[in-house]
């Protein structure tokens with residue numbers, strides 16, 4: 001997966017594409033892989049980096065959605081549980097089983113959630129991963145040693161899956177490239193090409209070279225998450241907004257706030273939301289919030305009230321009360337919820353299902369959805385695109401398509417397990433040059449070979465691409481990411497053939513960004 005050679009292919013190909021996908025998050029990458037694996041000529045363009053937005057800022061769960069079950073949204077849960085099973089089969093190096101415990105502090109809670117979660121298990125059918133069981137107060141204590149035990153009556157254990165979102169995005173981009181598609185980051189779509197009111201392609205600008213491109217295609221898919229409205233308005237400035245952004249933040253803390261390998265799930269907080277505390281890469285991710293936003297931003301910022309809400313809720317359940325100073329990183333994402341036609345609906349009540357809209361000029365827009373259902377969303381949107389553009393009808397192959405890095409039975413105690421089958425290639429780099437094994441950070445277990453690999457094989461073009469998404473340091477320990485930034489920038493500069501000026505600029509820009517991921 002090499003950006004320069006992809007640009008060369010783009011410049012040399014005179015014929016049009018079958019499908020252009022705008023947006024390199026979960027839905028865009030899924031759509032591009034869906035299209036290229038069916039044999040359609042496919043190009044994906046991302047204005048920043050793969051999974052730069054919402055898709056790298058999730059709660060790291062692959063789940064059916066226990067709370068959608070509580071809301072009675074049975075069909076969404078069924079679909080998500082099926083997709084959870086497929087994701088685990090297709091990317092076992094990134095998706096793993098995770099036990100969750102709901103602690104109960106009153107008598108009705110245990111039977112109530114045991115019944116609900118047993119239904120949840122049954123809905124997963126053959127793709128189920130473990131049975132939900134009621135727990136005694138003692139068993140809950142054993143599962144969650146850092147939990148407050150006063151008035152604890154018992155609890156319920158159930159199973160879902162956990163994954164690394166940005167890593168899956170990178171692996172999807174690699175899979176697109178392996179199938180012969182183009183997936184180019186830092187390439188911004190600046191306009192749509194229209195012929196007699198029909199969308200026939202896009203205008204794009206390479207944000208590295210400033211060069212402009214006109215790319216034509218039979219179908220254009222707008223999969224830009226919270227930014228879909230700005231693409232829709234390129235065709236029709238009067239178009240109604242179809243997305244309502246909702247902000248969710250997560251706080252990352254040391255593992256000992258949770259202890260043990262099980263996750264904590266609070267099904268109903270003071271304002272009726274769900275709160276998770278999930279072990280992830282030797283840390284704990286605690287979230288999330290649900291705050292309505294007026295505008296989509298590329299780098300949203302956590303509001304103080306959200307931070308306090310999570311800390312206060314966590315303190316109700318955690319033996320060691322977390323404070324602002326315990327937060328190693330905070331990350332903030334915007335969910336692209338399908339905007340309700342009627343006013344007055346709270347964002348936590350808006351459906352998390354996906355919608356496909358086709359404009360008058362034939363632009364196909366995908367909105368809503370979540371990581372767990374990315375593949376199904378992609379299948380649906382490519383079906384629509386093929387029909388819209390009169391492409392030859394071909395069956396989807398993605399239900400069983402192995403994602404790049406596929407490896408069964410990975411050793412989760414290996415700090416580099418999430419590379420899957422690429423892990424051997426990293427060892428090979430170190431074998432050829434022992435210097436590659438040099439440790440850059442003990443705190444996040446980072447070695448030089450990972451940075452080199454990110455540049456050579458994973459299209460990392462900026463310091464942020466590398467430290468936020470190829471390697472998850474920014475989300476695991478923002479302070480540490482700033483400390484190692486100069487060293488990582490120097491390695492990248494030598495790989496990319498950049499000068500000292502580039503290095504300095506990268507470190508400055510990244511430090512500013514990292515500051516937004518810290519609590520002050």
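The values are calculated or read from the model by the stated rules, or taken from the named source; none is laboratory data. Being a predicted model, the structure only gives us computed values, none of them experimental. Backbone-built Cβ (ideal geometry, glycine too); neighbour counts: all protein chains shown.
Descriptive notes on the structure:
- Scan of region 292-312 for residues that are surrounded by 14 or more Cβ atoms within 10 Å (Cβ to Cβ) and part of a helix (DSSP H, G or I), ordered by number: 306, 307, 309, 310, 311
- Members of region 227-248 that are touching a helix residue (DSSP H, G or I) at 6+ places or on another chain (Cβ under 7 Å) and at pLDDT 95 or above: none
- Residue in region 199-212 that is part of a helix (DSSP H, G or I) and either over 22 Å from residue 31 (Cβ atoms) or out of contact with any strand residue (DSSP E or B) (no Cβ under 8 Å at 6 or more places or on another chain) (or both) present: no
- Those residues of region 185-198 which are part of a loop (DSSP other than H, G, I, E, B) and surrounded by 12 or more Cβ atoms within 10 Å (Cβ to Cβ), in sequence order: 185, 186
- Within region 226-258, the set of residues being buried (at least 24 other Cβ atoms within 10 Å of the Cβ) and part of a loop (DSSP other than H, G, I, E, B) comprises 258 only.
- Residue count, region 374-401 (criterion: over 27 Å from residue 360 (Cα atoms) and either surrounded by fewer than 16 Cβ atoms within 10 Å (Cβ to Cβ) or at pLDDT below 95 (or both)): 3
- In the set 296, 321, only one residue is farther than 30 Å from residue 149 by Cα and touching a helix residue (DSSP H, G or I) at 6+ places or on another chain (Cβ under 6 Å); that residue is 296.
The rows are residues; the columns are (1) more than 28 Å from residue 391 (Cα to Cα); (2) out of contact with any helix residue (DSSP H, G or I) (no Cβ under 7 Å at 6 or more places or on another chain); (3) touching a residue at least 24 places away in the same chain (Cβ under 8 Å).
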{"residue": "16", "(1), (2), (3)": "no, yes, yes"}
{"residue": "21", "(1), (2), (3)": "no, no, yes"}
{"residue": "27", "(1), (2), (3)": "no, no, yes"}
{"residue": "31", "(1), (2), (3)": "no, no, yes"}
{"residue": "48", "(1), (2), (3)": "yes, yes, yes"}
{"residue": "53", "(1), (2), (3)": "yes, no, yes"}
{"residue": "60", "(1), (2), (3)": "yes, no, yes"}
{"residue": "69", "(1), (2), (3)": "yes, no, yes"}
{"residue": "79", "(1), (2), (3)": "no, no, yes"}
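- Residues within region 12-49 that are at pLDDT 95 or above, surrounded by fewer than 24 Cβ atoms within 10 Å (Cβ to Cβ) and in a helix (DSSP H, G or I), tallied: 1
- Residue that is surrounded by the most Cβ atoms within 10 Å (Cβ to Cβ), among those in region 489-520 that are more than 27 Å from the chain's Cα centre (by Cα) and not in a helix (DSSP H, G or I): 498
- Residue 211 farther than 29 Å from residue 379 by Cβ and surrounded by fewer than 23 Cβ atoms within 10 Å (Cβ to Cβ): yes
- Filtered by the rule that a residue be over 20 Å from residue 70 (Cα atoms) and outside any loop (DSSP other than H, G, I, E, B), region 264-291 gives 278, 279, 280, 283, 284, 285, 286, 291.
- Selection status of residue 223, buried (at least 23 other Cβ atoms within 10 Å of the Cβ) and touching a residue at least 24 places away in the same chain (Cβ under 8 Å): yes
- Looking across 422, 465, 414, 427, one residue alone is over 19 Å from residue 328 (Cβ atoms) and in a loop (DSSP other than H, G, I, E, B). It is 414.
- Residue match in region 407-416 (condition: within 22 Å of residue 225 (Cβ to Cβ) and touching a helix residue (DSSP H, G or I) at 6+ places or on another chain (Cβ under 8 Å)): no
- Cβ separations smaller than 6 Å between residues 6+ apart or across chains give no pair from region 305-321 residues that are at positive phi to residues that are surrounded by fewer than 14 Cβ atoms within 10 Å (Cβ to Cβ).
- Any hit, region 165-184, residues being in contact with a strand residue (DSSP E or B) (Cβ under 8 Å, 6 or more places away or on another chain), buried (at least 18 other Cβ atoms within 10 Å of the Cβ), more than 13 Å from residue 24 (Cβ to Cβ) and not assigned by TED's automatic domain parsing to the domain that holds residue 466: no
- Within region 94-140, tally of residues that are surrounded by fewer than 18 Cβ atoms within 10 Å (Cβ to Cβ), part of a helix (DSSP H, G or I) and over 30 Å from the mean Cα position of the chain (by Cα): 6
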